[in-house]
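Derivation of every value follows stated rules applied to the coordinates shown; laboratory data play no part. Only a predicted model underlies this, so the values are computations on that prediction, with no experimental measurement involved. Quick reminder, even Gly has a Cβ in these numbers, built from the backbone with ideal geometry, and neighbours come from all protein chains shown.
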Amino acid sequence: MMLLETTKLTRAYGGVVAVSQVDFQVREGLITGLIGPNGAGKTTLFNNMTGLDTPTSGKVYFKGADITNRSAHKICRMGIARTFQNIRLFKELSVLENVMVGLHFKTGKSSTTGRVMAAFLSYLKVVDEYELMNESAIKWLEFFQLESLKDELAKNLPYGHQRELEIARALATDPTILFLDEPAAGMNPSETDSLMKTIRRIRDLGITVVLIEHDMKLVMNICDTITVLNYGQNIAQGTPAEIRHNPKVVEAYLGKEET
Amino acid sequence: MFNFILLILIYTAIFALMAIGQNLITGYVGLLSLTQAGFFAIGSYVTAILSVTYGWNFWLTVPMAALISSFFGLLIGLPTLRLKGDYLAIATLGFGEIVRNILNNWDSLTNGPMGIQRIPMISLFGIQISPYKKWGFLVLVWIFVLVAYFLFDRLAKSRLGRALEAIREDEIAASSMGINVTRYKVWAFILGAAVAGVAGSLQAEFILSVTPGAFTFMVSIMVLCMVVLGGMGNFKAVILGAFIIQFISYFPQLVGLSNVIPPQFKQILFGLILVVMMIWRPQGILGREKRSAPRRLFRSGGDV
């Protein structure tokens, strides 16, 4: 059984079909790449799998359960975390607090009423929830060597660190699958190299990684399996070597040779 | 003159309660809502009607005022909180006007524009807290402010406050972090409404009468000014803001120039303050408070 899969997933915006009848599979423990030219529907597919958008038709299954119409916060709580193409950090919060938000639903009372009451009564409370959160947040910052920056506001971090912080925040939710939407965008080659190492380290934690990326060096290097979208359709999938020589993929990227 | 300062301090306290609620909604969740006048009116009328018509004790009407206000908070929060920015402001502004118009026209319940008079005074352990002897009332209202301050400040500094700020910063990212955005927004709204309802109760007891004319849209604007002036996201600051705005409002009377300076003067000044603040100090006088590791009154007994 696939860890996550979509069946005939379609998303149309009015007459524009962004994703059409896509069957996409994610196998547990692997790094799956999702590539395709601009406008191929990669991010739309991501959004439909993470609850930020609802498909026009088709289904999304996670661990066999239908999660098609679930809202984003519920999907996150089931173990699907993500980052965004244009970084979406909580800019006015500190680096540490950004990660703590990721831990929010993991700790403390489970109902909102309980949380409100707990906050009101926390003058008298004995359980040191804060220290608990602090500890695991620091642990994730250390994973990215960001712990020395923990009190900086997120908006003041350099670009590469912002990307890393976004991943740290997503990891704090303790996901089974991590979706990365163009993690290497805007990075220089040495930053990209370190990102590749990071992604491998994340996989070694037992987390399944799915990534959208335009940097072919990165994709071909670290992905175990690649799916190619073009004009909203799944045109190929396979190992990096297979994809590299697939005529349809070459055509999608470079165009057809005139005969 | 001295009595007048006491009066300003009492109004500061009543408005500070509303500003505390507004700060949770605007300063933390980042929602521009203009409902405080509506909840203020509901709280006032709940106390007035329950104590005059049904003979309830003031201390029982306060939780009812909070409860009924928060119920209306829930009721209007659910549909309007899907809106953003100016759309939310307009929708919530409509709510305040609806409340005032209902109070104005539902004669059998609210006695229409005449309002409700002769509200019984508060008594505590047999001692009457009369608004005419201002000291006692002053202490009472400031106790309410202190309690609200400690509760709301705590809430805002807890993990819940962090989640609310995450929603303000980026709703989509917050929901992708497992935060139920709609539910938290509605909760902030409910709590903001509850504290405004309590402010309304106190107002009714201070004036000893309620009339719909006291709950205009200007009240919401004043409360918003207090939050912006003091500093969004800082509960101490909004109490300071409440004082400054009240001081300005009563300044002509305080210096005995109410004949010279027309009452419209304060509205001009509010507008001016907002413009000046937005240009030179958008974070308010004190600015946002940084969240740090929480302090506790009692340390844990080593169970962690």
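Quick rundown of the values:
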| item | result |
| --- | --- |
| Potential lengthening between A:LYS91 and A:LYS106 on full extension [0.36 nm per residue; Cα-Cα distance subtracted] | 3.2 nm |
| Within a Gaussian network of chain A (alpha carbon springs, distance under 10 Å), most fluctuating of A:ASP53, A:ASP23, A:ASP151 | A:ASP151 |
| Residue exposure sequence - A:HIS214, A:HIS245, A:HIS104 - by fewest surrounding Cβ within 10 Å | A:HIS245, A:HIS214, A:HIS104 |
| Inter-probe distance in nm under a simple model that places probes 7 Å from Cα toward Cβ, at A:ASN221 and B:VAL139 | 7.3 |
| Alpha carbon convex hull of the protein assembly as shown, projected area averaged over orientations, nm² | 32.1 |
| Value at 222 nm in deg cm²/dmol, rounded to 500, when DSSP H runs of n ≥ 4 in the protein assembly as shown each add -39,500 (n - 2.57) | -17000 deg cm²/dmol |
| Segment A:42-121: trypsin sites (Lys or Arg not before Pro) in DSSP loop, at most 11 other beta carbons within 10 Å | none |
| Residue mean of other protein chain beta carbons inside 10 Å, A:86-93 | 5 |
| Cα-derived Rg over Rh, computed across chain A with Rh taken as Kirkwood radius | 1.01 |
| Residues B:TRP187, B:TRP280, B:TRP106, B:TRP56, sorted so that the one with the fewest Cβ neighbours within 10 Å comes first | B:TRP280, B:TRP106, B:TRP56, B:TRP187 |
| Computed E for A:SER148/B:ASP86 - FRET, C-beta separation, R0 56 angstrom, nearest 0.05 | 0.85 |
| Average projection area in nm² (convex hull over Cα atoms of chain B, one quarter of hull surface) | 18.1 |
| Length-normalised contact order of chain B in % [C-alpha pairs under 8 Å, at least 6 apart] | 33 |
